[in-house]
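Okay, here's the structure, questions in a sec.
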Amino acid sequence: MLANEKIGKLLMTLSIPAIVGMVVQALYNIVDTFFVSRFVGTMGIAGTAVAFPIQMILIGIGISVGIGGASMLSRRMGEKDQEGASMALGNMTSLSIVTGIVCLAGGLIFMDPLLRIFGANDAIMPYARDYISIILLGGPFFIFSVVASSAARAEGNARVAMLSLVIGGCLNVLLDPIFIIEGGIPLFSRIVIPTLGHGVKGAAEATVISTIVSCLFLLHYILKGNSEIILKLRHLRLKWPIVREIFAVGASDFARTAAMSATSAIFNNILEGLGGALPIAVFGIIFRIISFVFMPMIGIAQGAQPILGFNFGARQFHRVKECLSLANISATVLACVGFVIFMAFPGQILKVFSSDEELIVMGTTATRLLVLAFPLLGYQNIGTSLFQALGKAKPAIFLAFSRQVLFLIPMVIILSKMFGLTGVWMSFPATDVTAFIVTWFMVSRELRMLTRISNP
C-alpha cells in the first residue's frame, strides 16, 4: 500500500484515523478543563495548567520513542528488512517501559520543586500537587500508549492507533464527571448517579484509567499477531545502535515538547507576576482549546510520515515530494479554519468553560492575539515531520527546538516587559512568523537536494 497506492488516497487513509485520534487526545484535556473549571473553579484550572507541562514531558518522551522508532520501522519495511523492523518494534516497547519507570520515580521525588519551577505559588500548589501525583503514577502507561500507536501507524495500520485513542477518550468523557463532581449526578427525578467528588485529583484518575484501557487494547494488537511485524522476546533486548537512532530521530519531538514545557514554566511565572492565578488559568484554557485544532495538524503529519519514510527508503522521491505538497495544503487549510473560528467566536468558546466574566474578557483578547499567525503552523509541522521521516535528526531537532526556545522565549521576555500581558499574547504570532520563514528555507533546500539525487 505504501509503495503503490495513490498519494492522495494514501494520505487520506493514514491521516484521517490519525486526525481522529489526535482530536480524541485533545478531548482528554478539553473535557478535563470543562469539568475542573465548572466544578472546582479558576484555582483548579490554574493548578492543572501548572502541572500540565510535567504531563507534556511524559507524552514528549513517548512521542520521541514512538516517532523515532516509527521512522526506523517505515524505512526498514521500505527496504524489506523484516528482522530490522522487528528489532525496532521490540526496542520501542522496552524503551517505553524503562523510561516510564524512570519518569515515575523522578517525578515523585522532585514533584514540589518541579511545580515551583512551572509557576505554582502557595495558593495553586495543592491543586497542582493533587493532579500531577496521579498523572505520574500513570506515566509508564502514557508513554507506552503513544509508542504502540506510533508503531501501528508506521506499518500502515492507522485504524488501530485511532481506535486506541477513541476508546480511551470516550471512557475519559464518561469517567470525568463521576470522579470530579461531588454530590452525585441527577439522571431522572428520582435517580442519582453516585460520584466520588475527587475534584482535580479525580480528573487525573479518570485520565490514567482511560490510558490504561488504551494500553491493554494496543498490547492485545501486538501480542495476538495482528501486526504485520513479528515480535519475539529476543527483539525486546535493547541494542545501543537502535536505541541511539530512535532517540536521534525522535529527539526533535522531545525537544519540541520539552521546550513547550520550559516555555510554559516561563509563561506561568511571567503571568503569575503580571496577574496571579487568573492569567495562568486563561492561558491554560486557551492552550487546551487551541490544541483542538493543533492536534489534528499533528495527525496529518503522522499520517504523512510513514509515506515519506517508506518512499524515501524505496528511493521513490517523486512520491515523497507529492506527499509533502498534499500534507502542507491539508494542514494549512485546517489551520486557516481554526484561525477563522478563534478570531470570530473566542468569547462564546470561553463561556463553555467558565462563567468568570473577568476570565472571559481577558481570554477573548488573548485568543485573538495568540492566533494571528495560526495559518502558518501547518507548514511548520509538516516541515519538521519531513526531516523525521527521512531520518535526518539534526534539522528536525533544530526546527522543533528553535521555535520554542530560540524564538518564543526571547519574544515573551522582551514583549512582556514592553507591553505587559498584551506582550505575552503577542509573542506567539511573532514567533510563528519567524519559525515559518526558517522552516520554508530549510524544506526548500532539502527538496532541491532530492531533485539532484533523483536527476543526477
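Of the residues that sit in segment 1-49 and are under 30 Å from G309 (Cβ atoms) and not in a helix (DSSP H, G or I), which one is nearest to the chain's Cα centre (by Cα)? Explain how you work it out, then say what you get.
Step one: filter segment 1-49 for residues under 30 Å from G309 (Cβ atoms), giving 1-29.
Filter once more, keeping what is not in a helix (DSSP H, G or I): 1-6.
Working: M1: 27, L2: 25, A3: 28, N4: 30, E5: 28, K6: 28 Å.
Out of the qualifying residues, it is L2.
Within segment 182-219, take every residue that is out of contact with any Ser or Thr (no Cβ under 8 Å at 6 or more places or on another chain) and among the hydroxyl-bearing types (S, T, Y) and give me the one that is modelled with the lowest pLDDT.
S189
For T367, all conditions in the list (1) over 26 Å from I280 (Cα atoms); (2) surrounded by 22 or more Cβ atoms within 10 Å (Cβ to Cβ); (3) among the hydroxyl-bearing types (S, T, Y) hold save one; what is the number of the exception?
(1)
Does at least one position in segment 167-179 carry a residue that is buried (at least 24 other Cβ atoms within 10 Å of the Cβ) and closer than 30 Å to G313 by Cβ?
No: zero hits.
Consider only pairs whose beta carbons are under 9 Å apart and that are at least six residues apart or on different chains; among these, list those whose first residue lies in segment 77-95 and is closer than 15 Å to S149 by Cα and whose second residue is of a type in the set (G, A, S) and not in a helix (DSSP H, G or I).
Filtered contacts from segment 77-95: L89/S227.
Residues in segment 110-118: is at least one free of Cβ contacts under 8 Å to residues at least 40 places away in the same chain and aliphatic (A, V, I, L, M)?
yes
Select, from V337, V320, the only residue that is farther than 19 Å from I453 by Cα, assigned to a helix (DSSP H, G or I) and β-branched (V, I, T).
Details: V320 fails: farther than 19 Å from I453 by Cα.
One residue alone meets the criteria, V337.
From the residues in segment 307-317 that are in contact with a helix residue (DSSP H, G or I) (Cβ under 7 Å, 6 or more places away or on another chain) and surrounded by fewer than 20 Cβ atoms within 10 Å (Cβ to Cβ), which one is farthest from V443 (Cα to Cα)?
Step one: filter segment 307-317 for residues in contact with a helix residue (DSSP H, G or I) (Cβ under 7 Å, 6 or more places away or on another chain), giving 307-314, 317.
Right, trim to surrounded by fewer than 20 Cβ atoms within 10 Å (Cβ to Cβ) and you get 314, 317.
On the way: A314: 20, F317: 14 Å.
Result: A314.
Let me ask something additional. Suppose we filter segment 408-445 for residues that are within 18 Å of I270 (Cβ to Cβ), crowded, with 19+ Cβ neighbours inside 10 Å and aromatic (F, W, Y); how many remain?
Residues that pass the stated criteria total 2.
Would you check if I280 is surrounded by fewer than 23 Cβ atoms within 10 Å (Cβ to Cβ) and either at pLDDT 85 or above or among the hydrophobic types (A, V, I, L, M, F, W, C) (or both)?
Working: surrounded by fewer than 23 Cβ atoms within 10 Å (Cβ to Cβ): no; either at pLDDT 85 or above or among the hydrophobic types (A, V, I, L, M, F, W, C) (or both): yes.
So I280 does not fit the description; no.
The values are calculated or read from the model by the stated rules, or taken from the named source; none is laboratory data. Note that this is a predicted model, so its numbers are computed, not measured. Here the Cβ is made from the backbone with ideal geometry for all residues, glycine too, and neighbour counts use every protein chain on show.
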